[in-house]
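Chemist: Below is the structure I would like to discuss, written out as structure tokens.
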Amino acid sequence: MDANNKKKRRAISVECKRKIIKCVEDNPAKKKLDIVKELGISPSTLATILKKKEKFDDGSVLCSKIRKIRSCELKDVEECVVKWLKQCRDKNIAISGPILQEKAQQFAFELGHENFRASSGWLQNFKKRK
């Protein structure tokens, strides 16, 4: 295949992935190859979406327009930070980035993650994920 005939990669939104999953689940008798042709995606793309379908449940992603579901390395730390942050919001306590980073560092240490660094990059990614 030469450079002019290569298929271009395109990102599929979470909303679109949900529709693909629903299409497959609503038509169990329909062949997956027919669904692939109908939707204009590759068989491997369909297989990957179906393999990871629990990630695209309605409750797991807040914004359906996003293209990629971001995950974190240390889920236990992030869960603690999110819970703490919600408690602060409920009490109308304003939390700045440095305070959030310090609290994340504290939770990581308490959970035994000595190599964790709540850097400014971590903070930016945390905000994207939440």
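The values are calculated or read from the model by the stated rules, or taken from the named source; none is laboratory data. On a predicted model such as this, the values are computed, not experimentally measured, just so you know. Virtual Cβ from ideal backbone geometry, glycine too; neighbours counted across all protein chains shown. Areas reflect the complete protein model, heavy atoms only, side chains present, ligands, DNA and RNA absent. Shrake-Rupley method; radii C 1.70, N 1.55, O 1.52, S 1.80 Å.
Chemist: Considering region 98-126 alone, what residues qualify as being aliphatic (A, V, I, L, M) and not in a loop (DSSP other than H, G, I, E, B)? Please lay out each step first, then the result.
Modeler: Applying the first criterion (aliphatic (A, V, I, L, M)) to region 98-126 yields 99-100, 104, 108, 111, 118, 123.
Scanning region 98-126 gives Ile99, Leu100, Ala104, Ala108, Leu123.
Chemist: Listed residues Lys52, Lys37; which is at pLDDT 80 or above and under 12 Å from the mean Cα position of the chain (by Cα)?
Modeler: Details: Lys37 fails: under 12 Å from the mean Cα position of the chain (by Cα).
Lys52 is the lone residue from the list that is at pLDDT 80 or above and under 12 Å from the mean Cα position of the chain (by Cα).
Chemist: Let me ask something additional. May I ask you to list the residues in region 78-94 that are open to solvent by less than 50 Å² (accessible area, probe 1.4 Å), within 15 Å of Lys127 (Cα to Cα) and at pLDDT 90 or above? Spell out how you get there, then give the answer.
Modeler: The first filter runs over region 78-94 and keeps only residues open to solvent by less than 50 Å² (accessible area, probe 1.4 Å), leaving 78, 80-82, 84-85, 88.
From what's left, within 15 Å of Lys127 (Cα to Cα): 78, 80-82, 84-85.
Answer for region 78-94, where residues must be open to solvent by less than 50 Å² (accessible area, probe 1.4 Å), within 15 Å of Lys127 (Cα to Cα) and at pLDDT 90 or above: Cys80, Val81, Val82, Trp84, Leu85.
Chemist: Please go through region 71-117 and pick out each residue that is within 17 Å of Arg129 (Cβ to Cβ) and of a type in the set (Gly, Ala, Ser).
Modeler: Ser71, Gly97, Ala104, Ala108
Chemist: In addition: Quick one: is Glu114 surrounded by 10 or more Cβ atoms within 10 Å (Cβ to Cβ), at pLDDT below 90 and not aromatic (Phe, Trp, Tyr)?
Modeler: Values: surrounded by 10 or more Cβ atoms within 10 Å (Cβ to Cβ): no; at pLDDT below 90: yes; not aromatic (Phe, Trp, Tyr): yes.
Considered against the rule, which asks whether it is surrounded by 10 or more Cβ atoms within 10 Å (Cβ to Cβ), at pLDDT below 90 and not aromatic (Phe, Trp, Tyr), Glu114 comes out as no.
Chemist: Select from region 89-109 the residues that are over 12 Å from Leu74 (Cα atoms) and in contact (Cβ under 8 Å) with a residue 24 or more places away in the chain and list them in ascending order.
Modeler: Of everything in region 89-109, those that are over 12 Å from Leu74 (Cα atoms) and in contact (Cβ under 8 Å) with a residue 24 or more places away in the chain turn out to be Gly97, Leu100.
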